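Below: the structure, in structure tokens.
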Amino acid sequence: MNNTTSTLEGIISQEYQHGFETLVEADALPRGLSEDTVRVISAKKNEPEFLLEWRLSAYRRWLEMTPPEWASVHYPPIDYQDIIYYSAPKSQKDGPKSLDEVDPELLKTYEKLGIPLHERAILAGVAVDAVFDSVSVATTFKDKLAEKGIIFCSFSEAVQHHPELVRQYLGSVVPVQDNFYAALNSAVFSDGSFVYIPPGVRCPMELSTYFRINAKNTGQFERTLIIADRDAYVSYLEGCTAPMRDENQLHAAVVELVALENAQIKYSTVQNWYPGDKEGRGGIYNFVTKRGDCRGAHSKISWTQVETGSAITWKYPSVILRGDHSVGEFYSVALTNHRQQADTGTKMIHMGKNTRSTVVSKGISAGYGHQAYRGLVRIARAASGARNYTQCDSLLLGDKCAAHTFPYIEVKNASAKVEHEASTSRIGEDQLFFCRQRGLSAEDAVSMIVNGFCKEVFKELPMEFAVEAQKLLGVSLEGSVG
Amino acid sequence: MLIIKDLHASVGDKPILNGINLEIKAGEIHAIMGPNGSGKSTLSNVLAGRENATVTSGSVLYQGKDLLALAIEERARQGIFLAFQYPVEIPGVGNVYLLKAALNAQRKHRGLPELDALDFLALVKDKMKLMEMNESMLYRSVNEGFSGGEKKRNEILQMAVLEPKLAILDETDSGLDIDALKIVANGVNSLRAEDRAMILVTHYQRLLDYIKPDFVHVLVGGKIVRSGGPELAHELEKQGYAWISDEGTGVAEVQPKS
Ligand SMILES: Nc1ncnc2c1ncn2[C@@H]1O[C@H](COP(=O)(O)OP(=O)(O)OP(=O)(O)O)[C@@H](O)[C@H]1O
Ligand SMILES: [Mg+2]
């Protein structure tokens, strides 16, 4: 074993060879993680003392933890000492120098998705002097939001300008020791989004990371915190349909949602990170912890996600139904093609009375794709009148792919009603023949049938997002028939 | 328009079509009758290009080209249409969406501009009137929850929208009530044209009362054992298929040796 793959003691005792001060000024930290790394990150961001302490406590917990092994995904062990935990934003030194160096398959995909030429280079991580059209748009939006008292900014800005809110809510949904990746994220998170909707305010537009200045390069350890105060409403969109290339293979984000009394949060994701080439080389590992807390009575949190990217996805957006009469929803489409692996699902934790949750999961496997739905429904003793409905459908294309369903149901209150429906089907030869007989190409036919299969989820997405998601599904499935 | 020569086809290693010969000219309507399991649907499917039956020998020329060399969708785009004996359901896909995608795929192939939503809706609504279908059907998933008769009407609606050159209707009359039968026949008759040919697969003379065929063929054991004019259908209705078999051209002779 060489000195970069370190033992536990090695990690703890490791110290930077260069002085602390020079590191704070450097553009990027050397590879490796230690208590000093955490201190340097915090210092670079000029963070208040409480946050540094919080990061350090997370780091110390992380040292005692091991990566989860129960998920049905397979990958070589990750060397956490071989990762750069901080580099200045917009540093693209390691990226491809021109589009010629980018995987041609990726470029083809951009073309099919109709992404404008000048954006293709940016998405592929090529160093370009880009002028974002979205910057001016974003500024107008910001003014409009400020009028209503809505805070929508990067996480770093929030730390500087609203430390009291950050302090109150950070880690209150996903505690630092929640799981291995969440602990790592808590220790070293780079940046992300922060949203606060004041009491009684209905956010007048869909909030999207796309419109947030400085949304690029939030790094591999993204941290998002969204708070909807009493009677507030917000719909938040994350991601974009274009496949994003990234030098960082490991992504471990944490998203926390807090809905107070009678508040509602709708969180929609389209995730299409680079899945690797056909053999699965170079794809992104996406190990995310997303959780919402229906803290107040009559609050509601909905997760809607379309996941087509990443080599490995490990993700269970969940809702803690703490408030009485609160509602949790999870609508998901996950697609795995080629060598992609996904272990996804949700957890609905019913604690309040008369809480309701709905889970609709649509899994599509093609090629050698491998996916598992893992869902937990827990009804606590006090949660009388709780109801859950779970529907979990898998669609297989071809005979090399696989789908598994792991439902976990724990009911401690006799008045609960829990329904679970699951189905697995193969795309019908008769359906394909029918569509082609009417003149559609095999690929368009598959795309149409698959989109039909996902309709219940797509209709939960904001309109434009839904249209893009449909197109995306078609493109992601290309080459999966024949 | 269509010349089928000594066509043999099997499903798995079971021979189903055993030497079909048939010539169809533009403007003609040919009825194909025959007992259950005689190979009528298989013939229809082979012409449309379905891959579950394998052509083992013979040839099919369509508009002078080798039809068997074309992919399913290429045949469709060149004007071949099959109305399914058992129409297929596609959950979540709107009827109108499928129709529009199909029509535009075909128009694109012919070098015509794609129709936009408005023009397309006008066209479809017009055709729906002809088929006396409720417009709400447009927005339901393809055939999902449709009654048997509604499904069949939907097939003819698709045909009316796509305006094929060679239409093969596989038992479109089965499962229709008397009124629906008239409506479907009307729809089909309105599509009769000099440059369009049709193959009607049916078990019943009744359909042929409404759609007058130019020729009637009897398929038994994967072979056309008798061809004639419309009067042949009347004889079949009276006497059944045994009459033909008894004449010595029947099943026993054409059954493949096992
Ligand atoms: N997938 C298959 N596997 C085995 N046999 C098949 C298959 N498909 C068709 N056959 C057989 O081929 C023969 C012809 O079937 P086909 O559907 O063409 O008959 P048909 O003339 O259309 O009958 P019907 O009047 O009942 O519709 C039947 O004996 C049928 O069982
Ligand atoms: Mg049949």
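Selection of strands (runs of 3 or more DSSP E) fully inside the range B:41-154 by the criterion of at least 2 residues being within 14 Å of another protein chain (Cβ to nearest Cβ), at pLDDT 95 or above and within 20 Å of residue B:197 (Cβ to Cβ) returns B:80-83. One residue alone among B:48, B:9 is within 16 Å of ligand 2 (Cβ to nearest atom), more than 22 Å from residue B:232 (Cβ to Cβ) and under 16 Å from the mean Cα position of the chain (by Cα), and that residue is B:48. Taken as a whole, the range B:50-59 holds at least one residue that is out of contact with any strand residue (DSSP E or B) (no Cβ under 7 Å at 6 or more places or on another chain) and closer than 27 Å to residue B:105 by Cα. Has the range A:126-147 got any residue that is within 18 Å of the chain's Cα centre (by Cα) and at pLDDT below 60? No, that holds for no residue. Restrict the check to the range A:393-404 and report whether at least one residue is at pLDDT below 90, more than 24 Å from residue A:316 (Cα to Cα) and out of contact with any Gly (no Cβ under 9 Å at 6 or more places or on another chain). Scanning the range A:393-404 turns up at least one residue that is at pLDDT below 90, more than 24 Å from residue A:316 (Cα to Cα) and out of contact with any Gly (no Cβ under 9 Å at 6 or more places or on another chain). Residues in the range B:1-31 that are more than 14 Å from every other protein chain (Cβ to nearest Cβ) and within 16 Å of ligand 1 (Cβ to nearest atom): 17 in all. Limited to the range A:433-468, what total is found for residues that are more than 27 Å from the chain's Cα centre (by Cα) and either more than 7 Å from every other protein chain (Cβ to nearest Cβ) or in a helix (DSSP H, G or I) (or both)? Total meeting the criteria: 9. If you go through the range A:59-83 and keep only what is within 21 Å of the chain's Cα centre (by Cα) and farther than 27 Å from residue A:375 by Cβ, you end up with A:80, A:83.
Residue-level check: of (1) closer than 21 Å to residue B:213 by Cα; (2) part of a loop (DSSP other than H, G, I, E, B), residue B:37 misses just (1).
So for the range B:69-92 (the condition being among the small types (Gly, Ala, Ser), surrounded by fewer than 18 Cβ atoms within 10 Å (Cβ to Cβ) and away from ligand 1 (no atom under 11 Å from the Cβ)), does at least one residue qualify? Yes. Here residue B:22 meets each of (1) in a strand (DSSP E or B); (2) over 23 Å from residue B:189 (Cβ atoms); (3) more than 16 Å from ligand 2 (Cβ to nearest atom) with one exception, condition (2). Of the residues B:180, B:193, B:185, the single one that is under 15 Å from the mean Cα position of the chain (by Cα) and more than 25 Å from residue B:54 (Cα to Cα) is B:185. Quick one: how many residues across the range B:32-45 are free of Cβ contacts under 8 Å to residues at least 60 places away in the same chain and more than 6 Å from ligand 1 (Cβ to nearest atom)? Matching residues across the range B:32-45 total 1. Taking the range B:55-68 as the range and being within 16 Å of ligand 1 (Cβ to nearest atom) and out of contact with any helix residue (DSSP H, G or I) (no Cβ under 9 Å at 6 or more places or on another chain) as the test, only B:56 passes.
In the range A:276-285 there is no residue matching the filter, namely being closer than 27 Å to residue A:456 by Cα, surrounded by 22 or more Cβ atoms within 10 Å (Cβ to Cβ) and within 13 Å of the chain's Cα centre (by Cα). Is it true that some residue in the range B:64-74 is more than 16 Å from ligand 2 (Cβ to nearest atom), among the hydrophobic types (A, V, I, L, M, F, W, C) and in contact with a Lys or Arg (Cβ under 6 Å, 6 or more places away or on another chain)? Scanning the range B:64-74, I find at least one residue that is more than 16 Å from ligand 2 (Cβ to nearest atom), among the hydrophobic types (A, V, I, L, M, F, W, C) and in contact with a Lys or Arg (Cβ under 6 Å, 6 or more places away or on another chain), so the answer is yes.
The values are calculated or read from the model by the stated rules, or taken from the named source; none is laboratory data. Computed from a predicted model, the values in this text were never measured in an experiment. Ideal geometry is used to build each Cβ from the backbone, glycine not excepted, and the neighbour counts take in all protein chains shown.
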